[in-house]
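Written below as structure tokens is the structure these notes are about.
The values are calculated or read from the model by the stated rules, or taken from the named source; none is laboratory data. The model shown is predicted, which means the values in this text are computed figures rather than measured ones. Heads up, the Cβs are rebuilt from the backbone with ideal geometry, glycines too, and the neighbour counts pull from every protein chain shown.
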């Protein structure tokens, strides 16, 4: 629980530091392999940026099956730093925090529509592919 409080505090600090450059809410839905499980990853964050650079702290939940055929959830926090190449892609790096694990990863997002992008994340022990909406 302390780890999630630290993640929230870090997100708040980033938010205060970059509030003048706020872009908006970010929602994601991914198929993911994380924490040793396959499942659906659903997250929400807030995007800050200027001059093509973005910082996006977020929180979410990984929903995955268990041995008892019931769905299980795992909370996570993450922060991403990216650079957007207009009309082509957004490239960057991120860190995902879940339980006692911190996983670094690379990320790429390709625009499908003005507010929608196909997004993929990949790192040691973590991979996700899905859609991102930025409002």
For a quick check of your reading: which strands (runs of 3 or more DSSP E) sit entirely within the range 47-132 and have at least 1 residues that are touching a helix residue (DSSP H, G or I) at 6+ places or on another chain (Cβ under 6 Å) and farther than 13 Å from residue 33 by Cα?
53-65, 71-85, 89-98
Do the conditions hold for residue 107, that is, is it within 16 Å of residue 122 (Cβ to Cβ), at pLDDT 95 or above and within 15 Å of the chain's Cα centre (by Cα)?
yes
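For the range 38-46, state whether one or more residues are under 18 Å from residue 24 (Cα atoms), over 15 Å from the mean Cα position of the chain (by Cα) and modelled with pLDDT under 95.
There is no residue in the range 38-46 that is under 18 Å from residue 24 (Cα atoms), over 15 Å from the mean Cα position of the chain (by Cα) and modelled with pLDDT under 95.
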Quick check on this structure: which one of 101, 78, 96, 134 is buried (at least 19 other Cβ atoms within 10 Å of the Cβ) and modelled with pLDDT under 95?
134
